[in-house]
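In what follows, a single structure is set out as structure tokens and then discussed.
The values are calculated or read from the model by the stated rules, or taken from the named source; none is laboratory data. Being a predicted model, the structure only gives us computed values, none of them experimental. Glycine gets a Cβ as well: all are built from the backbone with ideal geometry, and neighbour counts include every protein chain shown.
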Amino acid sequence: MPEAALIKNNLSKNMPGYGAGMTEGDAFERFTAETILKRYGLTFDQIQDGIVDGQDDGGIDSLYMFVNRALIATDTEMDFFKKPVDVDLFVIQSKLDMGFKESAITKLVTALPQLMALDADAAVLSAIYNDAVCEKFGTYREKVVELAAQFPTITVHVIYATLAKAGNDKVTALVPTLVKAVQKAHPNATCKAELWDAKRLYQEAQKQNLNIRKLRYEKSPVSHGKGYVILAKLRDYYEFISDDGEIIDSLFEFNVRDYNRNASVNKEMGATLSDTTDAADFWWLNNGITILAEDAGAQDNALTIKNPLVVNGLQTSHEIYQFFARGGSDDKRAVQVRVLEIVENTLRDRVIKATNSQTGIRPASLHATEPFQRKIEDFLEQLGIYYDRRRDYWRNKGKSADSILGMERLAQSVIAVLLERPHDARGRPTTLMTGSYDEMFDAQTDLDIYKTCARLYFAVDAHFKQERNSIEALYRNNLRYHLMMSLAWRLNKSRPVHRAALGKLNVTSLKPSDIADELAHLIKYFKKSGATDKIAKDSDFTAVLKKNSKVSASSLAAKPVATKKLPIKKPPAKKT
């Protein structure tokens, strides 16, 4: 069967996993992005956030920025990244066509130089391109400026993917023009443009299946219960965690951002690896690696591991990777690896927390293992809501995206509805878990509050998907969390909604007309306030909505949670 037919068959079978209301073209956009970025280990929500397709998209369907392999969001703090810094921008155009078109490349030749130019006029761009495109490129330009002092190496990856059987000579001839246009507008960047046909897409999707991996070991493994302790040659471990010379981030439990190549302990580890004459073996000087697995078996000096997850040894793994990626050679030294067959969730969480309690992993990274988070997951599962506190756990079990809510999404929903700070939900999606965690996930909080917040998220999301063609991206991108807050007020018939009442709201009683009516009200004041991304992220706009709410203020004595405006990091001033 030709690769194009295989891909379409795959899309057809997996369509429910992408969520209701998705067209085949929508599913192909997500499949393409997932395939191209598989080794980065992004969640479905992160893939979804990068979709910018729509009217006035400049020929761009999805867009993702990485710094030192960490996905960058609008609120990512750039102070963490120190020289050397590698910036990778992925610009993806994915069309469910049976061939490549010249017009697709010519659109990019025009759009990318305009959007990437660091001195671009945001107001001019907003008149040409849609809100999602402008916001993503605005984040790119801002973060590159913030990193200027680190002299980053910037690589722009432009990938045009279709179901073509082969390339198109005319389109191929335009690729150098695209590369030159990007590099002329952005002299400090290197541009790599590729055409991916059906064969390339299928091969990449197929070879990046990480469910089963093998790790070679030396001598005999120590086995006790459902676990192994082995010594693996450094080179063999490098092969285990990499693919085509690139580290596979999805093998690791925590975001790669927690790896800091400039930390003193990592510099010392790097120096140890570089000294191949040292009489001490590497595993004598290092605590080693811990890997969780659904199943593991030893045969012919290799462990076959099903669904491996490195939960401890992130720093060690990256230093070993860096050593070989830079051309290092070592066939003698070894690293100690523990492989534990653990499926039971509570026990997995105990191992993850225990093995990381003494490391530099940031506290927010370990919240997923806390008993209260497991309690939320168990409670919501009974209601058909799948709380994804582990990366794509429920999606990998075949649950639809329409019923899955990740930790960041729930945090955004809670801070918008319970704490009435939708501007923070919009403007600080990745840092809420650090700065406001205790407010959102106090262990005494009524679990029904999380049910209400989750259902409000799904109700708004479903409405936006259903009415995608009639609701501008500007409003879908900016007013989601403000709308959730407003709908809670509507259901409660007054504002604010106090904790005792929030969990009792009947979200299922909302009609499409109710949601449309509340959205129209928000859009009215959003336009009056200026209708920009910046406005949506500002507490002043939330205050406007409270003042002009369609319901009356509550006469209850209890005070609502005050609106809190979190500090927004400003980029350094440009030199004149």
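Please verify whether Arg495 is touching a strand residue (DSSP E or B) at 6+ places or on another chain (Cβ under 8 Å), in contact (Cβ under 8 Å) with a residue 60 or more places away in the chain and not β-branched (Val, Ile, Thr), treating the condition exactly as stated. In short, yes.
From the list Ala531, Ala501, the lone residue that is in contact with a helix residue (DSSP H, G or I) (Cβ under 8 Å, 6 or more places away or on another chain) and on the phi > 0 side of the Ramachandran plot is Ala531.
Taking Ala500, is it of a type in the set (Gly, Ala, Ser), within 31 Å of the chain's Cα centre (by Cα) and assigned by TED's automatic domain parsing to the domain that holds His423? No. Pairing residues of the range 179-194 that are in a strand (DSSP E or B) with residues that are of a type in the set (Gly, Ala, Ser), at Cβ distances under 8 Å and at least 6 apart in sequence or on separate chains, gives no pairs at all.
Name the residue, out of Arg30, Arg69, Arg39, that is buried (at least 21 other Cβ atoms within 10 Å of the Cβ), in the same structural domain as Leu112 (by TED's automatic domain parsing) and among the basic types (Lys, Arg). First the steps, then the outcome.
Numbers: Arg69 fails: buried (at least 21 other Cβ atoms within 10 Å of the Cβ); Arg39 fails: buried (at least 21 other Cβ atoms within 10 Å of the Cβ).
Only one candidate qualifies: Arg30.
Residue count for the range 465-482, restricted to those that are touching a Phe, Trp or Tyr at 6+ places or on another chain (Cβ under 9 Å) and either in a helix (DSSP H, G or I) or at pLDDT 95 or above (or both): 8.
Counting only helices (runs of 4 or more DSSP H) wholly contained in the range 400-448, the ones carrying 3 or more residues that are assigned by TED's automatic domain parsing to the domain that holds Lys537, out of contact with any strand residue (DSSP E or B) (no Cβ under 9 Å at 6 or more places or on another chain) and over 15 Å from Ala368 (Cβ atoms) occupy 407-417, 422-427.
What do you reckon, is Ala132 out of contact with any Phe, Trp or Tyr (no Cβ under 9 Å at 6 or more places or on another chain), loosely packed, with under 15 Cβ neighbours inside 10 Å, at pLDDT below 95 and in the same structural domain as Thr172 (by TED's automatic domain parsing)? The answer is no for Ala132.
Identification of helices (runs of 4 or more DSSP H) wholly contained in the range 494-539 with 1 or more residues that are polar (S, T, N, Q) and surrounded by 14 or more Cβ atoms within 10 Å (Cβ to Cβ) yields 512-529.
Results for (1) more than 19 Å from Val229 (Cβ to Cβ); (2) in a loop (DSSP other than H, G, I, E, B), shown as yes or no for each residue.
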position	(1), (2)
Ala298	no, no
Ile305	no, no
Gln315	yes, no
Glu319	yes, no
Phe324	yes, no
Gly327	yes, yes
Lys332	yes, yes
Val337	no, no
Leu340	no, no
